[in-house]
């Protein structure tokens, strides 16, 4: 499929105001949210280096604070689950 065909198909099917660039960012964001590595995202987006991918999307990967919060949340959920189950009698 040539660019001309892709562009015509996009114009016919895309919601008003949504660009192919918007779709590209959505795709990258979904991959990152799903746990894709920098190298995976770089590869599918066609960036020439991981540095370019990180320059654009680094804010979407979870940082240390996010990971710490997730670990503690999971720990509390595991510890509190037996307490909740025993109080439901």
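Among the residues in region 71-82, are any part of a helix (DSSP H, G or I), within 20 Å of the chain's Cα centre (by Cα) and in contact (Cβ under 8 Å) with a residue 12 or more places away in the chain? No - not one qualifying residue is present in region 71-82. Can you confirm whether residue 21 is closer than 30 Å to residue 6 by Cβ, exposed (fewer than 10 other Cβ atoms within 10 Å of the Cβ) and modelled with pLDDT under 90? Yes, satisfied. Residue count for region 24-41 under the criterion of being within 25 Å of residue 14 (Cα to Cα) and in a helix (DSSP H, G or I): the result is 11. In region 31-43, the residue that is modelled with the highest pLDDT out of those that are within 13 Å of the chain's Cα centre (by Cα) and surrounded by fewer than 14 Cβ atoms within 10 Å (Cβ to Cβ) is 37.
Considering the conditions (1) modelled with pLDDT under 90; (2) surrounded by 10 or more Cβ atoms within 10 Å (Cβ to Cβ); (3) within 17 Å of the chain's Cα centre (by Cα), residue 28 is excluded by exactly one of them, (1).
The values are calculated or read from the model by the stated rules, or taken from the named source; none is laboratory data. Note that the coordinates shown come from a computational prediction; the quantities given were computed from them, not determined experimentally. Cβ: placed from backbone, ideal geometry, glycine included. Neighbour counts: every protein chain shown.
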